[in-house]
Amino acid sequence: MDSYDAPELTPRQDASSRLKDFFIGATPLQKRLESVRKQTSFIPTPPRRKIPQGSQLQEDVDPQKFAVLLHKQWTLYSLTPLYKFSYTDFKEYSKLLTAFIAAEKKKGLAVEVGDDFNIKVVFSTLMGVKGTERDPEAFLVQILSKSQLPSEHKEGKVLWTGWFCCVFGDSLLETVSEDFTCLPLFLANGAETNTAIIGTWFQKTFDCYFRPLAISSFNLSWMAAMWTACKMDHYMATTEFLWSVPCSPHSLDISYAIHPEDAKALWDNVHKTPGEVTQEEVDLFMDCLYSHFHRHFKIHLSATRLVRVSTSVASAHTDGKIKILCPKYLIGVLAYLTELAVFQIE
Amino acid sequence: MSVLRPLDRLPGLNTATILLVGTEDALLQQLADSMLKADCTSELKVHLARSLPLPCSVNRPRIDLIVFVVNLHSKHSLQSVEESLCHLDAAFFLGKVAFLATGAGRDSHCSIHRNTVVKLAHTYRSPLLFCDLEIEDFRAAMAQRLVRLLQICAGHVPGVSALNLLSLLRGSENPSPEDL
């Protein structure tokens, strides 16, 4: 296949041998540079991807910390690099952000930093949510409601959660200078108004830009194949697909549920190259599902639009919503999402 | 006969015929209407088909240009086009075939990677055009372009032939396949 002749650059890492190599292949930026040098035109190719290996977490990190990340529906955004962001100024950022949120909510009245508000913003680092040593640390922002009664000292209810991360973002890390922190993936859970306010504050303070990240049907079918390929001891949920058929007056939704072990068996039959997923395998996997459906219902699913994929590893919706169910493959899922976010930024 | 040949009929006087092949009926119909509205000195005939082979029983004029319309939102349209390509005589690919990919504007709806269509056009050595047929202005512009292409393929433009045009188009847009 001629398209795979482009030189592939291994990510430069000093990672310990415990971290397995997650080799994504030549990134779009590298290919672009290569083609400019060779004076040939650039044709973007869907890369081969490695199947996420389990237990990518470093052994000294407590997996319980990731409980806050699992089983919640996150809305995805891509974020341009943050200018002059510092991990040591979290207390400062908390105070400023709390004041900002209170000001937005009160709108027009003067607010002083340090006043007692009924909400509190907490910044914390998420250790271990990264792919290579070069990736910046992920951090978490939470809006907690502070209870007014002085007798209750425990933390209030979490109103809104958002976290920033970068997993294997080498292509972006190489192009930015020292002052910038690259955390291209932003996930938010909670009220839209809060997301908008937090987004505005970050944009004003760090000169970055948020954009909602939509996942195309093409990428959803890749996710379906990659997640079905993951080895799981115990399947928590059935593998489910949702297609949307555009027709008037209301669009029709077709839902197709498969037993996860059957899906894995189908994938094992399709899968040839060990350790990697190729475009042909993804197409063949989806074509098998389409032809099976066609044989029974005489409907061409390939003419409709894949809108939602749900497996035991994670579930994703085309509007940019994701829910991660399995901590073992968290890094793998985030790596793919980071790649999509980086692609959108570039 | 199941295989379509480019020169098996005599040309009509000042007539140019185009065949649009694709599964998206509504889009093809709209494109056909736009083409018929375009200014043209020759008499235009537009035929629509969902797939090849065409039924033998119909008495049709010589086809000068075939455009395969692929909708990037639907894998089914790509599969149907790939199956239709087998029913075409090799002589057609000397400039009388073009591929048109629609739907690239809405990336979140795309289920086919752009590269797949590019490779398909490369394999068949034919030009690939991109156009969002759902947007009226783009459709009108593409219709004009197709009418010009059709006139050249029908031989109505003196000095330029279909084969000429093919090498001109290929030289400016894409590298030769040997470089890839």
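The values are calculated or read from the model by the stated rules, or taken from the named source; none is laboratory data. Keep in mind it's a predicted model, so treat the numbers as computed, not measured. Cβ placement follows ideal geometry from the backbone for every residue including glycine, while neighbour counts extend to all protein chains displayed.
When the stretch A:208-243 is filtered for residues that are away from chain B (no Cβ under 14 Å), touching a Leu at 6+ places or on another chain (Cβ under 9 Å) and over 14 Å from residue A:315 (Cα atoms), the ones remaining, listed by number, are A:208, A:209, A:210.
Within the stretch A:186-203, is there a residue that is closer than 30 Å to residue B:75 by Cα and buried (at least 20 other Cβ atoms within 10 Å of the Cβ)? No. Residues in the stretch B:121-142 that are within 14 Å of another protein chain (Cβ to nearest Cβ) and within 13 Å of the chain's Cα centre (by Cα): B:121, B:128, B:130.
Only a single criterion out of (1) closer than 18 Å to residue A:141 by Cβ; (2) surrounded by fewer than 18 Cβ atoms within 10 Å (Cβ to Cβ) is not satisfied by residue A:248, namely (1).
Considering only residues that are modelled with pLDDT under 80 and surrounded by 13 or more Cβ atoms within 10 Å (Cβ to Cβ), look in the stretch B:148-179 and name the one that is farthest from the other protein chains (Cβ to nearest Cβ). Only one residue fits best here, namely B:170.
Residue by residue, here is whether (1) within 14 Å of chain A (Cβ to nearest Cβ); (2) farther than 24 Å from residue B:135 by Cβ; (3) crowded, with 24+ Cβ neighbours inside 10 Å; (4) without any contact (Cβ under 8 Å) to a residue 24 or more places away in the chain holds:
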{"position": "B:77", "(1), (2), (3), (4)": "yes, no, yes, no"}
{"position": "B:83", "(1), (2), (3), (4)": "yes, yes, no, no"}
{"position": "B:90", "(1), (2), (3), (4)": "no, yes, no, yes"}
{"position": "B:99", "(1), (2), (3), (4)": "no, no, no, no"}
{"position": "B:110", "(1), (2), (3), (4)": "yes, no, no, no"}
{"position": "B:115", "(1), (2), (3), (4)": "yes, no, no, yes"}
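Can you work out which of the residues in the stretch A:302-312 that are under 26 Å from residue A:236 (Cα atoms) and not in a strand (DSSP E or B) is farthest from the other protein chains (Cβ to nearest Cβ)? Across the stretch A:302-312, the extreme among qualifying residues is A:312. Here residue A:189 clears all of (1) closer than 20 Å to residue A:165 by Cα; (2) touching an Asp or Glu at 6+ places or on another chain (Cβ under 7 Å); (3) part of a strand (DSSP E or B) except the condition numbered (2).
Okay, residues lined up against (1) within 30 Å of residue A:171 (Cα to Cα); (2) modelled with pLDDT of 90 or more; (3) loosely packed, with under 15 Cβ neighbours inside 10 Å; (4) in contact with an Asp or Glu (Cβ under 9 Å, 6 or more places away or on another chain):
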{"site": "A:244", "(1), (2), (3), (4)": "no, no, no, yes"}
{"site": "A:266", "(1), (2), (3), (4)": "no, yes, no, no"}
{"site": "A:274", "(1), (2), (3), (4)": "yes, no, yes, no"}
{"site": "A:278", "(1), (2), (3), (4)": "yes, no, no, no"}
{"site": "A:299", "(1), (2), (3), (4)": "no, no, no, no"}
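The set of residues from the stretch B:119-139 being in a helix (DSSP H, G or I) and out of contact with any strand residue (DSSP E or B) (no Cβ under 6 Å at 6 or more places or on another chain) comprises B:119, B:120, B:122, B:123, B:136, B:137, B:138, B:139. Out of all the residues in the stretch B:5-14, is one or more surrounded by 18 or more Cβ atoms within 10 Å (Cβ to Cβ) and either of a type in the set (Gly, Ala, Ser) or within 14 Å of chain A (Cβ to nearest Cβ) (or both)? Checking the stretch B:5-14: not a single residue is surrounded by 18 or more Cβ atoms within 10 Å (Cβ to Cβ) and either of a type in the set (Gly, Ala, Ser) or within 14 Å of chain A (Cβ to nearest Cβ) (or both).
What are the pairs with Cβ atoms under 6 angstrom where one residue, in the stretch B:1-26, is within 25 Å of residue B:70 (Cα to Cα) and the other, located anywhere, is of a type in the set (D, E, K, R)? Sequence gap at least six, or different chains. Note: pairs meeting the criteria are B:3/B:89; B:5/B:89; B:6/B:96; B:16/B:64; B:17/B:45; B:17/B:64; B:23/B:50. Working only within the stretch A:258-293, note down all residues that are outside any helix (DSSP H, G or I) and under 15 Å from residue A:240 (Cα atoms). The answer is A:258, A:259. Tell me, yes or no, whether the stretch A:220-236 has at least one residue that is in a helix (DSSP H, G or I), touching a residue at least 24 places away in the same chain (Cβ under 8 Å) and of a type in the set (Phe, Trp, Tyr). Yes, there is a match, as at least one residue in the stretch A:220-236 is in a helix (DSSP H, G or I), touching a residue at least 24 places away in the same chain (Cβ under 8 Å) and of a type in the set (Phe, Trp, Tyr).
The residues listed here are B:32, B:16; of these, the one that is at pLDDT 90 or above and either outside any strand (DSSP E or B) or out of contact with any Cys (no Cβ under 9 Å at 6 or more places or on another chain) (or both) is B:32.
As a summary of the residue check, residue B:145 satisfies the conditions (1) in contact with a helix residue (DSSP H, G or I) (Cβ under 8 Å, 6 or more places away or on another chain); (2) on the phi < 0 side of the Ramachandran plot; (3) more than 14 Å from every other protein chain (Cβ to nearest Cβ); (4) among the basic types (Lys, Arg) except for the one numbered (1).
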